[in-house]
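K.L.:
One structure is given below, represented as structure tokens, and several questions about it will come after.
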Amino acid sequence: MMNNLKPSERILCAIDTVNVESACDIAGSLKPYVGGVKLGLEFFGANGPQGFQKVSQNNNNIFLDLKLHDIPNTVAKAIHSLMPLEPKIMTVHTAGGPSMMKAAAEAATDAAHNVGCQRPIIVGVTILTSLDSDDLNAVGYQNNVSIQVVKLARLAKECGLDGVVCSPHEIKLIKEACGPDFKLVVPGIRPLDSAKGDQKRVMTPYDAVRLGADYLVIGRPITQSEDPVEAARKIAKEING
Ligand code: C5P
């Protein structure tokens, strides 16, 4: 159960840079103090699998956040292609539908078996927090954001995904709907003493974990700090309360 994680293991540091060297530096120095680091489309687009592998030599707990969304066969093949990198967490869009999510979950199991690595956790992106109810109506969703998020989270669970990415404000609703073992990966986290940056709806690490967040995705409060290691240690203490 995720509840057994140490506070530091709940922290996933978002390394939002295209610079491989600085990504390696920070990933390496944070290794004992966080559960992993997140590399996304920006880093992967610029540096590809080779860049990933360099970071992984410094810290092999990598959340590869590529938000896959395509036909089931293509998503499954993409997961097979990425598995030799041995990511620990990967993301797919729940809007890809039930067959796509099932194909992703199955591909993760098969590909990990083929590679001989630990099966990554596959989490679904529900509704991007950049979308509000007007945006959702514009693309044809009739429900309001939280109803739609819970609907997609339930579907993700039924289709074999291990959890979803969600905003701090959806933690409680999703835990109630999907149960304690369905993993919630939560960005939009700000420690007590840090700037919000461009995040609008934020929550402290302590509150998010109390509500049921399993992993906290935290970027700038760590990466932009003068002392990232100290910032991560403080956050772990803050989670403890
Ligand atoms: O620097 P900060 O802590 O805001 O970084 C949060 C990370 O989580 C970034 O990589 C951002 O892209 C990601 N994210 C987010 N909100 C979402 C989904 C992902 O902030 N809804």
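K.L.:
Of everything in the range 169-190 that's near the ligand (Cβ under 10 Å from one of its atoms) and in contact with a Lys or Arg (Cβ under 7 Å, 6 or more places away or on another chain), which residue is nearest to Ala231 (Cα to Cα)?
P.N.:
Within the range 169-190, the match that is nearest to Ala231 (Cα to Cα) is Arg190.
K.L.:
Residues that are in contact with a strand residue (DSSP E or B) (Cβ under 8 Å, 6 or more places away or on another chain), at pLDDT 95 or above and β-branched (Val, Ile, Thr): find the strands (runs of 3 or more DSSP E) completely inside the range 1-105 holding 2 or more of those.
P.N.:
89-93
K.L.:
Does Arg201 fit the bill of being away from the ligand (no atom under 15 Å from the Cβ), of a type in the set (D, E, K, R) and surrounded by fewer than 19 Cβ atoms within 10 Å (Cβ to Cβ)?
P.N.:
Details: away from the ligand (no atom under 15 Å from the Cβ): no; of a type in the set (D, E, K, R): yes; surrounded by fewer than 19 Cβ atoms within 10 Å (Cβ to Cβ): yes.
The answer is no for Arg201.
K.L.:
Is it the case that Ser167 is open to solvent by less than 30 Å² (accessible area, probe 1.4 Å), among the hydroxyl-bearing types (Ser, Thr, Tyr) and on the phi < 0 side of the Ramachandran plot?
P.N.:
Yes.
K.L.:
Let me ask another. If I go through the range 215-237 residue by residue, how many of them are under 17 Å from Pro32 (Cα atoms) and away from the ligand (no atom under 13 Å from the Cβ)?
P.N.:
Adding up the residues that qualify gives 7.
K.L.:
Oh, and also: Could you run through the range 1-18 and say how many residues are out of contact with any Gly (no Cβ under 8 Å at 6 or more places or on another chain) and surrounded by 14 or more Cβ atoms within 10 Å (Cβ to Cβ)?
P.N.:
Residues flagged as out of contact with any Gly (no Cβ under 8 Å at 6 or more places or on another chain) and surrounded by 14 or more Cβ atoms within 10 Å (Cβ to Cβ) within the range 1-18 amount to 3.
K.L.:
If I ask for residues that are touching a helix residue (DSSP H, G or I) at 6+ places or on another chain (Cβ under 7 Å) and among the aliphatic types (A, V, I, L, M), which ones from the range 91-104 would you list?
P.N.:
Those that are touching a helix residue (DSSP H, G or I) at 6+ places or on another chain (Cβ under 7 Å) and among the aliphatic types (A, V, I, L, M): Val92, Met100, Met101, Ala103, Ala104.
K.L.:
Met101 is checked against (1) out of contact with any Ser or Thr (no Cβ under 7 Å at 6 or more places or on another chain); (2) away from the ligand (no atom under 16 Å from the Cβ) and fails just one. What number does that condition carry?
P.N.:
That leaves (1) as the condition not met.
K.L.:
Kindly indicate whether Asn114 is farther than 18 Å from Val217 by Cα, open to solvent by 30 Å² or more (accessible area, probe 1.4 Å) and either within 16 Å of the ligand (Cβ to nearest atom) or touching a Ser or Thr at 6+ places or on another chain (Cβ under 9 Å) (or both). Spell out how you get there, then give the answer.
P.N.:
Values: farther than 18 Å from Val217 by Cα: yes; open to solvent by 30 Å² or more (accessible area, probe 1.4 Å): yes; either within 16 Å of the ligand (Cβ to nearest atom) or touching a Ser or Thr at 6+ places or on another chain (Cβ under 9 Å) (or both): no.
In short, no.
K.L.:
Another one. So which strands (runs of 3 or more DSSP E) stay within the range 145-241 end to end and still have 2 or more residues that are among the aliphatic types (A, V, I, L, M) and within 15 Å of Pro7 (Cα to Cα)?
P.N.:
Per the criteria, 183-186, 215-218.
K.L.:
Check off (1) more than 16 Å from the ligand (Cβ to nearest atom); (2) touching a Lys or Arg at 6+ places or on another chain (Cβ under 7 Å); (3) open to solvent by 70 Å² or more (accessible area, probe 1.4 Å) for Gly212 and give me the number that stays unchecked.
P.N.:
It fails just one condition, (3).
K.L.:
Within the range 63-92, track down each residue that is surrounded by fewer than 22 Cβ atoms within 10 Å (Cβ to Cβ), touching a residue at least 12 places away in the same chain (Cβ under 8 Å) and not aliphatic (A, V, I, L, M).
P.N.:
Hits for the range 63-92 are Lys67, His69, Asp70, Pro72, Asn73, Lys77, His80, Pro84, Glu86, Lys88.
K.L.:
What residue, of Gly219, Gly212, is at pLDDT 95 or above and touching a Cys at 6+ places or on another chain (Cβ under 9 Å)?
P.N.:
Gly219
The values are calculated or read from the model by the stated rules, or taken from the named source; none is laboratory data. Just so you know, these numbers come straight off a predicted model, no measurement behind them. All Cβ positions, glycine included, derive from the backbone under ideal geometry; neighbour counts span all protein chains shown. The area values use the complete protein model at the heavy-atom level, side chains included, leaving out ligands, DNA and RNA. Shrake-Rupley method; radii C 1.70, N 1.55, O 1.52, S 1.80 Å.
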